[in-house]
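Have a look at the structure below before the remarks.
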Amino acid sequence: MTSIITNHGAMAALQTLRSVGGDLTKTQQQVSSGLRVAKASDNAAYWSISTTMRSDKKAMTAVSDSIGFAKAVLDTTYDGMDKIKDELVTIRNLMITASSLPPPATDGYSNWVDYQPDTIYDQSQVAKVDADIYQHWQQINSIVDASSFGGVNLLKNDTSEATLPGAKTEVTTGYVGGQVLTVSIDTKDTTMINYNRTVDNLWNQPGSENMGYLDGTLWSANIIFPITYVDAGEVKMNENTYTLRNVEVQVIDIQLLLPIPVADTHVDEIDHSVLQLLYEGLSAKEIAQQVDISHRTVEHRIERMKARIGARTISQLVALYIASGLTGKIPGN
């Protein structure tokens with residue numbers, strides 16, 4: 001015969017000890033994790049809410065870092081633009097200074113992009129100003145190259161980057177409702193030099209949409225470049241140290257650069273207006289609105305003048321008429 005003696009007091013104490021031990025383990029987990037609801041079994045509703053909030057917090061941290069990076073990039077870009085503006089103002093003032101100096105003599109030669117020393121011109125006062133201008137062009141190029149933060153440079157577009165226009169730069173601005181907010185910046189709006197371009201031209205002329213603000217030509221004959229130029233589809237640095245000197249010999253060299261016989265330079269009043277507006281960079285449709293004729297008539301007149309003087313392009317048309325002695329006859333010049 002078996003007899004079992006039950007100790008109710010001991011059983012109650014053991015149960016209490018187990019409960020205390022369980023609560024202690026739970027408290028230790030909460031202390032170590034810092035969370036009152038650490039897993040779904042603790043409280044499913046609260047755990048779901050807290051998990052979402054932790055995820056959003058991590059996302060906000062990442063967005064905050066992205067915003068900080070974007071701000072640094074934009075600050076660097078703005079600082080570079082501001083310095084470039086100051087350099088261009090200085091160049092303008094130097095050109096004004098040079099205009100008051102005695103006209104310099106030159107050897108009459110210029111190939112516009114490759115450096116060709118001119119010992120005659122180098123002895124003039126204008127040459128000293130010209131040398132100073134060249135240094136400012138070089139300083140602008142250095143500013144463009146240095147305006148980079150975290151490998152991002154909005155002032156230049158390299159050959160490996162997207163083609164302009166159309167390229168966009170995405171900037172993070174916030175995080176709302178589980179969505180990252182961004183602002184799209186047109187890369188062309190900040191590009192000073194586009195190393196991915198294929199042509200140089202005057203602004204508002206074919207190909208200019210592919211240029212940065214410091215690209216293209218400084219004169220309608222397509223022969224004076226500030227910092228870089230396109231040669232055989234490749235962008236190269238302009239090593240010609242002369243800017244003002246090339247302006248001095250532009251009319252002399254235009255006949256050498258465009259050796260086309262001038263057959264007839266007669267133009268009527270409307271042709272004068274068309275030439276002036278072409279010089280200012282207007283399109284045929286814009287010219288038509290200015291002179292109150294159809295754009296087809298404008299195109300016909302342009303083609304007729306090109307054939308008359310032997311020009312192949314609109315830039316050559318304007319340049320050859322200037323070189324032919326019509327500079328003072330074009331309205332506004």
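The values are calculated or read from the model by the stated rules, or taken from the named source; none is laboratory data. Quick caveat, the model's predicted, so the values are computed rather than measured. FYI the Cβ positions are ideal-geometry reconstructions off the backbone, even for glycines, and counts take in every protein chain you see.
Of the residues Thr61, Thr25, Thr51, which is modelled with pLDDT of 75 or more and either closer than 30 Å to Tyr242 by Cα or out of contact with any Ser or Thr (no Cβ under 9 Å at 6 or more places or on another chain) (or both)? Outline the logic, then answer.
Working: Thr25 fails: modelled with pLDDT of 75 or more; Thr51 fails: modelled with pLDDT of 75 or more.
Among Thr61, Thr25, Thr51, only Thr61 is modelled with pLDDT of 75 or more and either closer than 30 Å to Tyr242 by Cα or out of contact with any Ser or Thr (no Cβ under 9 Å at 6 or more places or on another chain) (or both).
In segment 293-308, is there at least one residue being among the polar types (S, T, N, Q) and at pLDDT 85 or above? If you could, list the steps in order and put the result at the bottom.
In the first step, residues of segment 293-308 are kept if they are among the polar types (S, T, N, Q); the result is 294, 297.
Applying the additional criterion that residues be at pLDDT 85 or above yields 294, 297.
Within segment 293-308, one or more residues are among the polar types (S, T, N, Q) and at pLDDT 85 or above.
Looking at Ser315, is it farther than 13 Å from Val267 by Cα and modelled with pLDDT under 85? Before you say what the answer is, go through the steps one by one.
Working: farther than 13 Å from Val267 by Cα: yes; modelled with pLDDT under 85: yes.
So Ser315 passes the test.
Could you please give the count of residues in segment 156-167 that are surrounded by 13 or more Cβ atoms within 10 Å (Cβ to Cβ) and either among the polar types (S, T, N, Q) or outside any loop (DSSP other than H, G, I, E, B) (or both)?
The qualifying residues number 3.
Can you spot a residue in segment 118-125 that is part of a loop (DSSP other than H, G, I, E, B), touching a helix residue (DSSP H, G or I) at 6+ places or on another chain (Cβ under 8 Å) and either assigned by TED's automatic domain parsing to the domain that holds Ala70 or not aliphatic (A, V, I, L, M) (or both)? Walk me through it before giving the result.
Within segment 118-125, the first condition is being part of a loop (DSSP other than H, G, I, E, B), and the residues that meet it are 118, 123-124.
Next, only the ones that are touching a helix residue (DSSP H, G or I) at 6+ places or on another chain (Cβ under 8 Å) stay: 118.
Retained after the next criterion (residues that are either assigned by TED's automatic domain parsing to the domain that holds Ala70 or not aliphatic (A, V, I, L, M) (or both)): 118.
The answer is yes, given that some residue of segment 118-125 is part of a loop (DSSP other than H, G, I, E, B), touching a helix residue (DSSP H, G or I) at 6+ places or on another chain (Cβ under 8 Å) and either assigned by TED's automatic domain parsing to the domain that holds Ala70 or not aliphatic (A, V, I, L, M) (or both).
Filter segment 137-188 down to the residues that are hydroxyl-bearing (Ser, Thr, Tyr) and at pLDDT below 85 and list them by number. Steps first, please.
We begin by selecting, within segment 137-188, every residue hydroxyl-bearing (Ser, Thr, Tyr); these are 142, 147-148, 159-160, 163, 169, 172-173, 175, 182, 184, 187.
Result: Thr159, Ser160, Thr163, Thr169, Thr172, Thr173, Tyr175, Thr182, Ser184, Thr187.
Do the conditions hold for Gly325, that is, is it part of a helix (DSSP H, G or I) and at pLDDT below 70? Spell out the reasoning first.
Values: part of a helix (DSSP H, G or I): yes; at pLDDT below 70: yes.
So Gly325 passes the test.
Is it true that Thr172 is surrounded by 14 or more Cβ atoms within 10 Å (Cβ to Cβ) and in a strand (DSSP E or B)? I'd like the intermediate steps shown before the answer.
Working: surrounded by 14 or more Cβ atoms within 10 Å (Cβ to Cβ): yes; in a strand (DSSP E or B): yes.
It is true that Thr172 is surrounded by 14 or more Cβ atoms within 10 Å (Cβ to Cβ) and in a strand (DSSP E or B).
Within segment 92-131, track down each residue that is crowded, with 20+ Cβ neighbours inside 10 Å, of a type in the set (A, V, I, L, M) and at pLDDT below 85.
If the condition is that a residue be crowded, with 20+ Cβ neighbours inside 10 Å, of a type in the set (A, V, I, L, M) and at pLDDT below 85, then Ala98 is the only one that fits.
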